[in-house]
1. Just for strands (runs of 3 or more DSSP E) wholly inside the range 474-583: which have at least 1 residues that are surrounded by 21 or more Cβ atoms within 10 Å (Cβ to Cβ)?
2. Where residues in the range 558-589 are farther than 17 Å from Gln538 by Cα and acidic (Asp, Glu), which of them is nearest to the ligand (Cβ to nearest atom)?
3. Cβ-Cβ below 8 Å, separation at least six or inter-chain, first residue in the range 26-52 and more than 18 Å from Leu146 (Cα to Cα), second surrounded by fewer than 20 Cβ atoms within 10 Å (Cβ to Cβ) and among the basic types (Lys, Arg): which pairs?
4. All but one of (1) at pLDDT below 95; (2) away from the ligand (no atom under 15 Å from the Cβ); (3) within 22 Å of the chain's Cα centre (by Cα); (4) surrounded by fewer than 21 Cβ atoms within 10 Å (Cβ to Cβ) hold for Ile6; state the number of the condition that does not hold.
5. Only residues that are crowded, with 21+ Cβ neighbours inside 10 Å and either under 29 Å from Leu282 (Cα atoms) or within 16 Å of the ligand (Cβ to nearest atom) (or both): list them for the range 59-78, please.
6. If you scan the range 238-247, which residues turn out to be touching an Asp or Glu at 6+ places or on another chain (Cβ under 8 Å) and surrounded by fewer than 24 Cβ atoms within 10 Å (Cβ to Cβ)?
7. Could you list, in sequence order, all residues of the range 245-260 that are within 16 Å of the ligand (Cβ to nearest atom) and in contact with a helix residue (DSSP H, G or I) (Cβ under 7 Å, 6 or more places away or on another chain)?
Amino acid sequence: MRAVDISAVKRPTRRRAHDRDDLAWWREARFGLFIHWGLYAIPAGIWRGKRVPYIGEWLMFREKIPVATYAKLAARFHPRHWDAAAIVRLARQAGMGYLVITTKHHDGFAMYRSKVNPYNVVDATPWHHDPIADLARECRRQGIRLCFYYSQDLDWHHPDGAWNDWDYAKDQKQPDRYLREKVLPQLTELLTQYGPVGMIWFDTPLTLTREQSARIRRHVKRLQPQCLVSGRIGHGLGDYSLPRDNFLPPGRLEGDWETCATLNHTWGYKKHDHEWKSAANLVTTLVDLTSKGSNYLLNIGPDADGRVPAPSVQRLRAIGAWLSVNGTAIHGASPSPFRYEFPWGRITTKGCTLYFHFFANPPRHFQLHGLRTRVTGVSALATPRTKFSFRQTSTPATGTPVLEIDFINVRFRTPVTVFAVHLAAAAAVEPLTLQQPDDTVTFIGPMARVGTDAAKPEMRVGGNGLSENWRNTRDWLEWRFTVLHPGRYDVTVVTTHQHLEPWSGGHTLRLTCEGQSLRRKTMREAVLPGLRSTYYPQIATRFGRLSFPRAGTYTLRLQADRMNLRSKNKTLFSDGGIQFSEIRLSPAA
Ligand code: H79
């Protein structure tokens, strides 16, 4: 395994000005369907009678199955229930604007008619049928953008593809030959056989050079200039950025992002994965991501007969039902003008309208701090004729704007109720971190100043909102923030990690604020509940108390006193340093 520069995977992609219009349909959609379908649906997570851990489509790699053995699966591929029209209809009913289907995953098997490589669904299976042609036709008929997933780096079937070193000796691989013989010609087929393609969704750039990624990008754009290229083409050369799979950022992102996510835990069908996310969880996630500037690409994994698991269908329909009422607040919506989340829900924006998405019934006297723009009206999205009264004031001590809305006779609609708040102009908000009406304060990385006691900080706040390369005691994060209610506050520091990778903890951190200093070692005292914790446990350490004698603006600094760096914490995707997520203050009991 070769180490990769994780910044190449996670860094926000720099967009070229002329690409901006090409992204318009994708921004309008906000929500798309991912489809993982391939030979791995046959074993469905079981090999030689035993359950194989990890995601279903990685089975060949996990079991180091020889190419000759795995390829025999093709003889058993004859999906009698494949119904492209029904799948595209499902995407439409769910309120999705595009779909992305695996045309070739890491196992190297092409799920379409390929003339350049016989390892494909038409030539190698008894079905002799091209499901991508079905989807292309149905997408055209039903008005969904057709996009293709293509594994451009990992290919466990081609002798020169990356990461199969059980069949092929690593030192004999010629990656350029793989590009020349398979990737580029197959991309030509995909971009000429099926009409306009919305995007090629490249994945997992682990061994490609910058030159190779650039060559693949050029190839796509030459064949279809409007076709988007996903952020995982490598080296920041995509048209938008992607965080890691199933990642939910702590705050608003800058630029164009897309989070791809599973409905259970696998992408490719697995017989024994029954842990489905609830419809409420999925709607809330869609709202959360839209408010943070990210699209949501949600996956289904049809089984070997082509059937979409019933729990997936139910959930997608439930999201669609919610969107049929509230879609205006999602489709074509921009992120929140605030960079942080709110304890009560989220905000999305369209022109001079803010949409307030409540995750629970709003309180009778709801308050929002920090909105500077004049409000002209408030109504419920589901019942636009009902108007709510409101007033705008400011706090005497700090001049912080306060919007108060009287929510009387509100019928809360699960799982999220949306209100339209009309403004006299585009929203302008207080730039500093603010104490919230429930008296909590949350500090996130993207709102911090990164500084250092040395010449230049090594740490940075990544495009995904988490700290990166925090591996020394000289760098620090600093926030200016406004306290509205003087008093004593409990401080909790939250760090995180990808759930299958080690957590980098046991670092001694120092928090300083107004002559007060708190020093603690990060320990797993609790995992905070919430959407983010499923794949990125939000690990909480209590740091003690801070006092604020008056309302006003303060400065808080977080710095490491002693690092606990262990080589085992360094993984393919993680630098092994502190992955800072947020600091929370709440009134001391
Ligand atoms: O297509 C889906 C996944 O198959 C693909 N991305 C989504 C959209 C993907 N998942 N993980 N990866 C790509 C890269 C993961 C690689 C590894 Fe590991 C994690 C290699 C080493 C650690 C898991 C553990 C697999 C091998 C060991």
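The values are calculated or read from the model by the stated rules, or taken from the named source; none is laboratory data. All figures in this text were calculated on a predicted structure; none of them were measured in a lab. Note that each Cβ is placed from the backbone with ideal geometry, even for glycine, and that neighbours are counted across all protein chains shown.
1. 475-483, 487-495, 508-513, 538-548, 552-562
2. Step by step, filter the range 558-589, then rank; the result is Asp575.
3. Taking only residues 6 or more apart or on different chains, the pairs are Ile42/Arg76; Ala44/Lys271; Gly45/Arg51; Gly45/Lys271; Ile46/Lys271; Val52/Arg62.
4. The number of the failed condition is (2).
5. Leu59, Met60, Ile65, Tyr70, listed by residue number.
6. Initial filter on the range 238-247 (touching an Asp or Glu at 6+ places or on another chain (Cβ under 8 Å)): 239-242.
Selection gives Asp239, Tyr240.
7. Pass one, the range 245-260, residues within 16 Å of the ligand (Cβ to nearest atom): 245-248, 257-260.
Residues satisfying the conditions are Leu248, Thr259.
Residue-wise test of (1) of a type in the set (Phe, Trp, Tyr); (2) closer than 23 Å to Leu572 by Cα; (3) in contact (Cβ under 8 Å) with a residue 24 or more places away in the chain; (4) more than 16 Å from the ligand (Cβ to nearest atom).
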site	(1), (2), (3), (4)
Leu154	no, yes, yes, no
Pro185	no, no, yes, yes
Thr188	no, no, yes, yes
Val197	no, no, yes, yes
Arg232	no, yes, yes, no
His235	no, yes, yes, yes
